[in-house]
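All remarks here apply to the structure that follows.
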Amino acid sequence: MNKAFKASKTHFFLVLLLLWVSGILSAQDFQQQLQKKRSQPDYGFYNVVDVKYHRGSFLKNSHSLDNIMDNPYDSYDVRIGFQSTGLKKKYDQLYGFPVYGVGFYHVFFKGGELGAPQALYLFMRSPVIRGKKLSWNWELAAGLAYGFYKYDPNVNPEQQVIGSNHNVYFNVATGISYPVNQRFDLTLDFDLTHFSNGSTRTPNIGVNLAGLALGARYSFNPIRNYTKLIDSTYRPTTKPVFVKKKIEKYTRHSDIIVFGSMGGKTTTTQIYDGPTYFISSLSLDYAWAYSHLGKVGIGLVSSHRQKEFCSLSPIQ
């Protein structure tokens with residue numbers, strides 16, 4: 001009995017010794033890998049957080065809401081994005097190392113008929129010119145907006161621009177950014193914002209905004225959270241170096257593209273409680289791809305509208 005106990009005890013300590021030696025070797029291997037990666041430019045996960053305040057005017061398209069559209073609007077948005085480095089994807093290099101991410105937008109109008117819409121969206125920002133101090137950028141964002149007060153002949157008759165609570169959010173912007181230090185940038189943009197629902201509900205002339213946005217951007221690289229136990233002295237860079245690689249010559253070629261779509265649509269003659277019609281389309285295109293980023297072509301499209309498949313009536 002004692003011999004068996006001593007043997008099991010010996011085996012237990014041997015296992016612990018092997019685990020301890022294995023841990024030391026793994027730590028040394030990780031430290032060697034870290035040392036190798038540290039010598040490479042753009043090591044880590046480069047992230048940014050943007051906060052923007054917008055102020056501007058309506059691109060007025062209706063006189064039904066003069067009390068709102070004759071006044072300025074205020075809005076803000078908050079974004080978190082990933083700064084690409086171009087190390088893995090050649091398109092990141094072709095587009096000038098863009099930022100990809102998600103954001104939240106909230107707009108305030110000077111009246112109650114439209115509500116105070118909010119939006120969740122995806123965005124992309126890329127430089128036109130990247131300088132040492134000033135950079136000129138363009139941005140594109142698209143997502144889903146909610147919080148509109150839709151048109152209702154009984155409850156909200158003055159609001160005759162949009163007929164749904166949920167709409168598409170679309171934003172384009174261009175502007176400059178100035179680095180205050182390695183972590184903070186100041187931004188100034190001119191942007192255009194559009195809300196509509198694709199005529200899934202009428203009225204749908206949409207809401208269009210134009211304004212200026214003043215913002216601040218914070219850059220960070222969380223890779224130190226993974227390396228500080230191995231090397232507490234390591235300080236990763238907060239912004240990438242943007243190392244440009246040679247991109248292979250593009251082989252020009254032709255494409256045949258077949259595309260189909262389907263959905264629902266209302267008509268402007270049957271506002272609010274009119275039927276929704278099933279629509280579909282089919283297109284056939286020929287395109288000549290002449291560069292990594294460009295194609296030109298010509299195509300044919302056929303569309304069809306069937307009888308109503310859904311009658312939407314207001315809830316009394």
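Accessible surface ranking for R235, R125, 1.4 angstrom probe, highest first: R235, R125. The residues of region 150-205 have, on average, 49 Å² of accessible surface per residue, using a 1.4 Å probe with all protein chains present.
Counting only residues at least eight positions apart within a chain, or on another chain, the aspartates and glutamates with an alpha carbon under 15 Å from that of K246 are D92.
Stick to the Cα atoms of region 149-230, pair each with every other, and give me the Kirkwood hydrodynamic radius in Å at one decimal. 16.2 Å is the Kirkwood radius here.
Over region 89-217, the ratio between the Cα radius of gyration and 2.2 N^0.38 Å evaluates to 1.25. Spin-label model, L192/R252: points 7 Å from Cα along the beta carbon direction are separated by 3.1 nm.
Counting only protein heavy atoms and a probe of 1.4 Å, the accessible surface of region 105-248 is 64% carbon and sulfur. Of the whole protein surface, I279 contributes about 50 Å² of accessible area at a 1.4 Å probe radius. Could you tell me the relative contact order of region 148-250? Use alpha-carbon pairs under 8 Å, at least six residues apart, and round to a whole percent. With pairs under 8 Å counted, the relative contact order is 22 percent.
Computed with every protein chain present, the accessible area of K110 is close to 100 Å² [probe 1.4 Å].
Applying a threshold of 25 Å to the alpha-carbon distances of K52/K244; K52/K90; K52/K89; K132/K244; K52/K295; K89/K295 flags K52/K244; K52/K90; K52/K89; K52/K295 as lying beyond it. The heavy atoms of V296 present about 80 square angstrom of accessible area, all protein chains included, probe 1.4 Å.
One chain, two ends: M262 and L212. Fully extended at 0.36 nm per residue, the span grows by 14.3 nm beyond their Cα-Cα distance.
The values are calculated or read from the model by the stated rules, or taken from the named source; none is laboratory data. As the structure is a computational prediction, the values presented were derived from the model and not from experiment. So basically every Cβ, Gly included, is an ideal-geometry build from the backbone, and we count neighbours across all protein chains shown. Quick note on the areas: whole protein, heavy atoms, side chains included, nothing else; ligands and nucleic acids left out. Shrake-Rupley method; radii C 1.70, N 1.55, O 1.52, S 1.80 Å.
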